[in-house]
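J.: This structure is in structure tokens; I'll ask about it shortly.
The values are calculated or read from the model by the stated rules, or taken from the named source; none is laboratory data. In this text the structure is predicted, and so the values were computed from the model without any measurement. Glycine also receives a Cβ, built like all others from the backbone with ideal geometry; neighbour counts cover every protein chain displayed. What goes into the accessible areas is simple: the full protein's heavy atoms, side chains included, and nothing from ligands, DNA or RNA. Shrake-Rupley method; radii C 1.70, N 1.55, O 1.52, S 1.80 Å.
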Amino acid sequence: MCGIVGAVAQRDVAPILLEGLRRLEYRGYDSAGMAVLGADGPFARHRRVGKVAELAEALSTAPLPGSTGVAHTRWATHGVPTERNAHPHICNDRVAVVHNGIIENHAELRARQLEQGYRFTSDTDTEVVAHQVVHYLDQGLDLLAAVARAAADLKGAYALGVVHVEEPGRLVAARHGSPLVLGVGIGENFIASDVQALLPVTQRFIYLENGDIADVRRDAVQVYDQALAPVSRPVRETQLTAQAADRGAYRHYMLKEIFEQPRAIADTLEGRIVDGRIPDAILGPGADALLDQVRAVQIVACGTSYHAGLVARYWFEAVAGVPCQVEVASEFRYRSHVVQDGTLFITISQSGETADTLAALLDTRGQGYLGSVAICNVPESSLVRESDYALMTHAGPEIGVASTKAFTTQLVALLLLVLIVGRRHRLAADEEQRLVRELEAVPGRIEAVLQLDPAIEEFARHFAQRHHALFLGRGTQYPVAMEGALKLKEISYIHAEAYPAGELKHGPLALVDEEMPVIAVAPSGELLEKLLSNLEEVRARGGELLVFADQRGAFRGRDGIAVLDVVPVEETTAPIVYTVPLQLLAYHTAVMKGTDVDQPRNLAKSVTVE
């Protein structure tokens, strides 16, 4: 996800902008740039391909003095990573623009602007925004009105920061779908994609809502709606500080990352929902032609990402009506394949550097796959670069080896992909809108689940002295059970296995006794009654049960069964929500055992060797 920083101050803003970009590097990017406006103009600009350090080097040799400016880290969507495609974009030496998001009607606007005599210097969709603002400036409008008129012409998702050479000391921002905040200072004000970018200069923020347009000056900010009627947005003070360690007030990175999941999921959805639907453009230009040809899906991944793929298999077949196969990358690489016509190859990896997954992708070339899509958290990774298309998760940095927010954001990204594939098959428009509403509700559902933390911590005391555990689930909850067992193994070193609950009689039931705790995930759904019967078999054999159950469901605590009620959630999105209590259970068990939670023995965050 691209990053925006902007500032209007009484001092040189280049150092502020540069530090803001450094704090947004976790988002991933391929180029960076900055444009600064001095009191007497004109714009001075640096753009560089590569890391923010390259931009910093340019600034060290050729500083950009000035009190108004915008800066940007870009992840290429329209146009390859080159200096000419890096932001900010400048039109006729009058307007500088930075942009996050996707302008869906950029081709139509570009054609019209070419007829009007505008000259394009990039391949991006963003440049049409700069030209459109200048078009309205030429009609006598001021910067605020020109940005508002230009924004009304745009279709898609965007966050904009715009500076005009004839109005120094002023910055106009607009938001529709992509995140944007205002930082409120003393005699200076700012914009950014994320509060993290501005923590060195302020802790007071205004969170813009969809359709907001902000007039930012040194001594004041005013927010307007799309019709330029003033609106009131509260100023909120964050508890985060620039000096705080990444772990913040949390004891471990893993716990911090578990509690970051509502925000990470919201960030993954930002800019990808337009009028209740998911635009094809979230995959990048040309994706619609590829998606039109999809007749089957092959998913390849490792570890936690493999479990995400297993959940997606249910979704692709039940929601989209498309056959789906899922395989561990290390196995997939070393066997022959029969490729069905129209098969889309999907890889999933948090780091994008997982050796087996990357090798599996490279091995598919020439085997007849329709194309490749990477689900990944690191835009500049090898997996993303080698794939035809990428759908980025926006989990932010994940330090803990045991993946938490990366997993749930992978599920969200996969469901987005299921929806855009599914509407070409069996998914009706009203059903897509219903599922989109479900997705939008997920951050709030997880916030409610996190309130169970004290109760889960108390139950974890039963695990600290155990040596084995059994996890059960049915349907989409079976992969969730697998993920819960993996988490417990990874960080507490307790042997744990997961089974489909219907398989109990085929072997695992022999393991059940009073020393074998059994954990079940039991949201409401068509398989709930069958799961109830399976769990009664466990109880009849003296097994101790912990059940995470829908509070509307049939489970009630009694001898041998501890029930933790989970907020009601729809069946499709239940796997995303129900994985969170299993993460907390593993975390608290590991803490009580005294293991190294964030860096468990023998494990690495990214497996880059076979």
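J.: Could you grab me the full set of residues in region 90-129 that are under 25 Å from ALA192 (Cβ atoms) and basic (Lys, Arg)? Give the steps one after another, and end with the answer.
T.: In the first step, residues of region 90-129 are kept if they are under 25 Å from ALA192 (Cβ atoms); the result is 90-91, 94-104, 106, 122, 124-129.
Residue satisfying the conditions is ARG94 alone.
J.: When you scan region 374-387, do you find a residue that is of a type in the set (Gly, Ala, Ser), under 17 Å from VAL300 (Cβ atoms), in contact with a Pro (Cβ under 8 Å, 6 or more places away or on another chain) and crowded, with 21+ Cβ neighbours inside 10 Å, even just one?
T.: no
J.: What pairs can you find where one residue is in region 201-228 and within 17 Å of ALA7 (Cβ to Cβ), the other is of a type in the set (Ser, Thr, Tyr) and assigned to a loop (DSSP other than H, G, I, E, B), and their Cβ atoms are less than 6 Å apart, with a gap of 6+ or different chains?
T.: Filtered contacts from region 201-228: GLN203/THR238.
J.: Separate question: State all residues of region 180-194 that are within 24 Å of the chain's Cα centre (by Cα) and open to solvent by 20 Å² or more (accessible area, probe 1.4 Å); if no residue qualifies, say none.
T.: The answer is ASP194, and nothing else.
J.: List pairs: first in region 44-55 and touching a residue at least 40 places away in the same chain (Cβ under 8 Å), second surrounded by 19 or more Cβ atoms within 10 Å (Cβ to Cβ) and not in a strand (DSSP E or B), Cβ under 7 Å, 6+ apart or cross-chain?
T.: Note: pairs meeting the criteria are ARG45/PRO88; ARG47/ALA86.
J.: Still on this structure, please answer the following. Of all residues in region 487-501, which are touching a Phe, Trp or Tyr at 6+ places or on another chain (Cβ under 9 Å) and part of a helix (DSSP H, G or I)?
T.: Hits for region 487-501 are LYS487, LEU488, ILE491, SER492, ALA501.
J.: Report yes if some residue within region 134-151 is farther than 12 Å from ARG94 by Cβ and within 26 Å of the chain's Cα centre (by Cα); otherwise report no.
T.: Yes, the conditions are met somewhere in region 134-151.
J.: Does any residue in region 29-43 that is under 14 Å from VAL98 (Cα atoms) and without any contact (Cβ under 8 Å) to a residue 60 or more places away in the chain come within less than 8 Å, Cβ to Cβ, of a residue that is polar (S, T, N, Q) and assigned to a strand (DSSP E or B) six or more places away or on a different chain, and which pairs are these?
T.: Going by the 8 Å Cβ cut-off, the qualifying pairs are SER31/THR73; ALA32/THR73; VAL36/THR68.
J.: Which of the residues that make up region 422-480 are open to solvent by less than 40 Å² (accessible area, probe 1.4 Å), in a helix (DSSP H, G or I) and polar (S, T, N, Q)?
T.: Scanning region 422-480 gives a single hit, GLN477.
J.: Among the residues of region 226-233, are any over 21 Å from the mean Cα position of the chain (by Cα), surrounded by fewer than 20 Cβ atoms within 10 Å (Cβ to Cβ) and not in a loop (DSSP other than H, G, I, E, B)?
T.: Within region 226-233, one or more residues are over 21 Å from the mean Cα position of the chain (by Cα), surrounded by fewer than 20 Cβ atoms within 10 Å (Cβ to Cβ) and not in a loop (DSSP other than H, G, I, E, B).
J.: While we're on this one: Looking only at region 101-110, decide whether some residue is at pLDDT 95 or above and open to solvent by less than 20 Å² (accessible area, probe 1.4 Å).
T.: yes
J.: For residues that are part of a helix (DSSP H, G or I) and either polar (S, T, N, Q) or free of Cβ contacts under 8 Å to residues at least 12 places away in the same chain (or both), scanning just region 271-293, find the one that is most open to solvent (accessible area, probe 1.4 Å).
T.: Within region 271-293, the match that is most open to solvent (accessible area, probe 1.4 Å) is ASP288.
J.: Which of the residues spanning region 451-490 are under 19 Å from GLN410 (Cα atoms) and in contact (Cβ under 8 Å) with a residue 40 or more places away in the chain?
T.: Filtering region 451-490 for residues under 19 Å from GLN410 (Cα atoms) gives 475-487.
Residues satisfying the conditions are GLY475, THR476, GLN477, TYR478, PRO479, VAL480, ALA481, MET482, GLU483, GLY484, LEU486, LYS487.
J.: Something else: Pairs needed: first member in region 168-179, in a loop (DSSP other than H, G, I, E, B); second member anywhere, among the basic types (Lys, Arg); C-beta distance under 8 Å; at least 6 residues apart or different chains.
T.: Note: pairs meeting the criteria are GLY169/ARG217; GLY169/ARG218.
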